[in-house]
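Chemist: Here it is, the structure, as structure tokens.
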Amino acid sequence: MATSLPLAPPRSGVTLATRGHTEPDEDAALVARCQAGDPEAWRLLIEKHQRRVYNLAANFLGPGQEVEDLAQEIFIAMYRSLPSFRGEAQFTTWLYRLAVNVCLNACRRQPPPTVPLEAAESSLTAELAQLADPGPTPLQAVLSREAAALVRAKIAELPAHYRLAVVLCDLEGLSYEEIARIMRVSLGTVKSRVHRGRALLKEKLADYFEP
């Protein structure tokens with residue numbers, strides 16, 4: 001069951017208004033106001049980033065899972081960590097990093113089950129061939145709605161680190177450089193995880209290719 005988000009913003013003894021930062025002005029202003037105890041800024045910050053959080057939770061878990069519960073965990077972690085945010089990274093990078101940690105912790109607690117779906121076999125052959133492209137093109141740009149649902153379900157079966165790399169690259173549309181900053185790993189590690197994740201995904205989808 002989802003937990004209600006705190007209504008009052010977290011407070012910090014030092015706000016971003018007194019420190020250097022690199023995130024966009026709007027995020028910087030909202031975070032500084034949150035850290036000063038402004039409840040309206042807290043509401044606006046959640047409203048601005050809730051779609052990003054829910055999309056990541058949904059893409060990580062796959063169809064039919066407890067997406068709202070995971071999203072609420074991310075928001076609560078954001079609430080608890082915001083007082084210590086100092087603006088060394090962009091706020092969205094910081095939020096993705098926090099969300100990734102919550103997702104990994106959730107995966108350690110209970111690996112997600114395989115999700116049964118009806119396969120759209122007749123439409124998959126040409127579309128799944130796009131997965132061989134080593135570039136960071138988002139999957140949703142090349143897959144039909146039916147195929148995308150199947151792919152998301154199979155992504156949810158990947159080992160956590162490969163799953164996150166594929167989700168961030170192919171579903172969230174982030175660059176390798178952005179993912180490296182979020183996951184705090186080298187660019188080579190990101191490329192390796194994306195490549196290996198895609199390879200594992202193709203294996204899982206092999207049965208849906210036309211003979």
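Chemist: For residues that are within 10 Å of the chain's Cα centre (by Cα) and β-branched (Val, Ile, Thr), tally how many sit in the range 38-61.
Modeler: The total comes to 1.
Chemist: Of (1) of a type outside the set (Asp, Glu); (2) part of a helix (DSSP H, G or I); (3) modelled with pLDDT under 85; (4) in contact with a Cys (Cβ under 8 Å, 6 or more places away or on another chain), residue 60 satisfies all except one. Which?
Modeler: Every condition holds for residue 60 apart from (3).
Chemist: Among the numbered criteria (1) farther than 17 Å from residue 97 by Cβ; (2) surrounded by fewer than 20 Cβ atoms within 10 Å (Cβ to Cβ); (3) not charged (D, E, K, R), which single criterion is violated by residue 162?
Modeler: (2)
Chemist: Picking from 95, 124, which residue would you name as being at pLDDT below 65 and crowded, with 20+ Cβ neighbours inside 10 Å?
Modeler: 124
Chemist: Is there a residue in the range 43-59 that is surrounded by fewer than 16 Cβ atoms within 10 Å (Cβ to Cβ), at positive phi and touching a residue at least 24 places away in the same chain (Cβ under 8 Å)?
Modeler: No, the range 43-59 contains no residue that is surrounded by fewer than 16 Cβ atoms within 10 Å (Cβ to Cβ), at positive phi and touching a residue at least 24 places away in the same chain (Cβ under 8 Å).
Listed here are the residues, each with its yes/no results for (1) at pLDDT below 75; (2) not in a loop (DSSP other than H, G, I, E, B).
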site	(1), (2)
80	no, yes
88	no, no
107	no, yes
136	yes, no
170	no, yes
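Chemist: Taking only pairs six or more apart or across chains, which ones have beta-carbon atoms under 6 Å, a first residue in the range 185-196 that is more than 13 Å from residue 162 (Cα to Cα), and a second residue that is surrounded by 16 or more Cβ atoms within 10 Å (Cβ to Cβ)?
Modeler: What qualifies is 187/176; 187/180.
Chemist: Starting from residues that are part of a loop (DSSP other than H, G, I, E, B) and out of contact with any Ser or Thr (no Cβ under 7 Å at 6 or more places or on another chain), keep the ones in the range 172-211 and report whichever is farthest from residue 60 (Cα to Cα).
Modeler: 211
The values are calculated or read from the model by the stated rules, or taken from the named source; none is laboratory data. Given the structure is predicted, the values throughout are model-derived calculations rather than measurements. FYI the Cβ positions are ideal-geometry reconstructions off the backbone, even for glycines, and counts take in every protein chain you see.
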